[in-house]
Amino acid sequence: MRLDNTFKISFRALRRNKMRSLLTALGIIFGVAAVIAMVGIGNGARSQIQAQIASLGENVILVFAGNWSPGGVKSGWGGAGTLTVQDAEAIKNEISRVIAVSPEIRSGAQLIAGNANWYTNNLLGESEDYFDIRQWPVAQGAGFSDENVRNAGKVAVIGQTIAKQLYGDENPLGKIMRIKNAPFIVIGVLAPKGPNLGGQDQDDIVVIPYTSAMKRITGRTTLNSMVVQVGKESDLNPAEVQVISLLQQRHKIVPPKEDDFTVRNQEEIAKVATASTDVMRALLGATASVSLLVGGIGIMNIMLVSVTERTREIGIRIAVGAHGKDILLQFLIEAATLSSTGGTIGILLGIGAAKAMSYYKQWPSLISLDSVVIAFLFSAAVGIFFGFYPARKASQLDPIEALRYE
Amino acid sequence: MNAVVKLEEVHKIYHSGEVDVHAVRGVSLEIHRGEFVAFMGASGSGKSTMMNILGCLDRPTKGRYLLDGVDVSGLNRNQLADMRNQKLGFVFQSFNLLSRTSALENVELPLFYSHKHLTSREVKERGEHVLKIVGLSERADHHPSQLSGGQQQRVAIARALINNPEVLFADEATGNLDSKTSMEIMGVFQKLNEQGITIVMVTHELDIAMYTKRNIIMRDGRVLSDELVPKRLNAEEELNKLVLAEKAVQLAP
């Protein structure tokens, strides 16, 4: 008995029952399509979040004033007034892994330019390194210099939204903008970033030297936070440890006294942010897998009916010399062909569905090659698994009884 | 002359529930190459069980069965399947063709399970050859539902012939056919037998048995009589007579 003959026999049997074959495969088709589409959408959401986190900057550690711990909020992020400019300088000078630090002052402010006005929640005081750290290019004009920072210069770099709100179609460069009545000159416009995942407009932003923010806007002498950049990803964790111990030393904190600052590195932020999408992805995948399982049971059901219905055929085959193994193989191949063909169609349908949802609903989707390969192998395995019982039943029929079967 | 089939004290006991059914009680006989044998008997006489054993579909409980010199009583399921494939041909009462499958494909079926490695062209040639023997060349691509009973049985005979069997078994092969078609089928068998093919059939119809060469009558699992047919009928002649008789009836006022 040759294998190609068994394949031929199985394919013939499937062709003879086209409608039934199609209906049987439908379960698998939709199961696989659901898995592919759902996992694709889950992956899309995940990769979008990762892109957002990457937009924080490259290899960044964030240091906030105050202690924000899962146990309870002691103080709003950055509101405690415990971080100083000297802390930032110490971090920059004493930790060799750190390549740049931007002390950060955050506030909201009313902006006025000519007749137009706008309230922004994102008035940031930063150092000249901020634009490099966040990898945020200045599209028009330039960022401010270290000299601007030293002199508490009245210069501002604005986001696209502000440019549009205050200046419309005019070129904002060189124009005067009043921030809480203090006049600043617009020297640069940032490249557009669009909304973040929370739907907040990232282009609604004004960046000025942190010294100017302290002296001219808020009057504060402490920092809300600082953005610390290290040279490479593998430096993130060791540098974080060094930052913590340096600040503890400077703030004279000895355990059990709690830190008066909070340090987060990018990896941790990423982990927290992707955790929820991982849960979503797992849920979607699980739901879709159930439908695949149901599809498999459908195959078993039809194969059992088929074995009963074809008892006589099986009897004839055994009578003219088929071994049990030949019959087993024939039905297994039928089941596996049904499920893997269904799987292939399902993959195409799933990709189509994911693309359609991306297009109409603006949900990002990402079809990975592994999910396609796994879905295909899994659907073939479903066929073999659920086809085995009916196939075995067929292969063990007694030819005399099978031939008498009506 | 070599015996193709040799039975030595063959018994078959079925265990159905509490009761043991002793279907065959010690049968010994020989069938030689070129013979044309009919097993006869009432239902329950054990002739069908005999047929299953002779056809290697079932194994004797006791005794020896030598098929073409090979003791098949101790073979396992797969070995029996190979014997059926290589040495035997089957024709059944209810034709047992695969539905929605062309006559040619039906005929080729045993070759699918053969150990001989034939190319698909050889398979097709052999299929067409045996269909020609039974006179159905023109209907090779017809499905069983498109064929008459007699034609279906011819396809079944062609299928039985495709592996050049040592013995052709026919189990009530004319049971589902009218008398005229039965004669035609017996004519096919007689022709095959003339070409040297050994045929063993089971029938309960006496007139059908008259076309064979040797009648074995069974009762209660034993051989009651085993004799040569004295005045053997020729299917072709009988058929001609029948056709003439039919014409005469039509001509009569």
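Could you tell me whether A:Ala394 is touching a residue at least 40 places away in the same chain (Cβ under 8 Å), within 29 Å of B:Gln93 (Cβ to Cβ) and either assigned by TED's automatic domain parsing to the domain that holds A:Ser10 or not basic (Lys, Arg) (or both)? Give the steps one after another, and end with the answer.
On the way: touching a residue at least 40 places away in the same chain (Cβ under 8 Å): yes; within 29 Å of B:Gln93 (Cβ to Cβ): yes; either assigned by TED's automatic domain parsing to the domain that holds A:Ser10 or not basic (Lys, Arg) (or both): yes.
In short, yes.
Would you check if there is a residue in the stretch B:40-55 being touching a residue at least 24 places away in the same chain (Cβ under 8 Å), among the charged types (D, E, K, R) and assigned to a loop (DSSP other than H, G, I, E, B)?
Checked the stretch B:40-55: no residue is touching a residue at least 24 places away in the same chain (Cβ under 8 Å), among the charged types (D, E, K, R) and assigned to a loop (DSSP other than H, G, I, E, B).
Let me confirm something: among A:Ile351, A:Ile347, A:Ile384, which residue is in the same structural domain as A:Phe30 (by TED's automatic domain parsing), within 20 Å of the chain's Cα centre (by Cα), assigned to a helix (DSSP H, G or I) and of a type in the set (Val, Ile, Thr)? Break it down into steps so the answer makes sense when it comes.
On the way: A:Ile347 fails: within 20 Å of the chain's Cα centre (by Cα); A:Ile384 fails: within 20 Å of the chain's Cα centre (by Cα).
None of the other options fit; the residue is A:Ile351.
Residues being crowded, with 20+ Cβ neighbours inside 10 Å, more than 11 Å from the chain's Cα centre (by Cα) and either of a type outside the set (Val, Ile, Thr) or closer than 18 Å to B:Leu97 by Cβ (or both): count how many of those fall in the stretch B:191-211.
3
Take the residues in the stretch B:79-113 that are out of contact with any strand residue (DSSP E or B) (no Cβ under 9 Å at 6 or more places or on another chain), free of Cβ contacts under 8 Å to residues at least 60 places away in the same chain and within 7 Å of another protein chain (Cβ to nearest Cβ), then tell me which one is surrounded by the fewest Cβ atoms within 10 Å (Cβ to Cβ).
Within the stretch B:79-113, the match that is surrounded by the fewest Cβ atoms within 10 Å (Cβ to Cβ) is B:Arg100.
Just to be sure, is B:Ala23 touching a Lys or Arg at 6+ places or on another chain (Cβ under 6 Å) and either exposed (fewer than 15 other Cβ atoms within 10 Å of the Cβ) or within 14 Å of chain A (Cβ to nearest Cβ) (or both)?
Against the criterion (touching a Lys or Arg at 6+ places or on another chain (Cβ under 6 Å) and either exposed (fewer than 15 other Cβ atoms within 10 Å of the Cβ) or within 14 Å of chain A (Cβ to nearest Cβ) (or both)), B:Ala23 qualifies.
Restricting attention to the stretch A:357-392, which residues are surrounded by fewer than 18 Cβ atoms within 10 Å (Cβ to Cβ), over 17 Å from A:Ile28 (Cα atoms) and either of a type in the set (Asp, Glu) or modelled with pLDDT of 90 or more (or both)?
A:Asp370, A:Tyr389, A:Arg392
Is the stretch A:39-53 home to any residue that is away from chain B (no Cβ under 14 Å), among the charged types (D, E, K, R) and in contact (Cβ under 8 Å) with a residue 12 or more places away in the chain?
yes
Are there any helices (runs of 4 or more DSSP H) wholly within the stretch A:223-328 with 1 or more residues that are farther than 25 Å from A:Pro390 by Cβ and of a type in the set (Asp, Glu), and if so which?
Counting at least 1 such residues, we get A:236-250, A:266-309.
When you check A:Thr262 against the structure, is it surrounded by fewer than 16 Cβ atoms within 10 Å (Cβ to Cβ) and either over 19 Å from A:Ile133 (Cα atoms) or not β-branched (Val, Ile, Thr) (or both), yes or no? Show your work before the answer.
On the way: surrounded by fewer than 16 Cβ atoms within 10 Å (Cβ to Cβ): no; either over 19 Å from A:Ile133 (Cα atoms) or not β-branched (Val, Ile, Thr) (or both): yes.
Answer is no for this residue.
The values are calculated or read from the model by the stated rules, or taken from the named source; none is laboratory data. Because the structure is predicted, anything quoted here is derived from the model rather than measured. Note: ideal-geometry Cβ built from the backbone for every residue, glycine included; neighbour counts use all protein chains shown.
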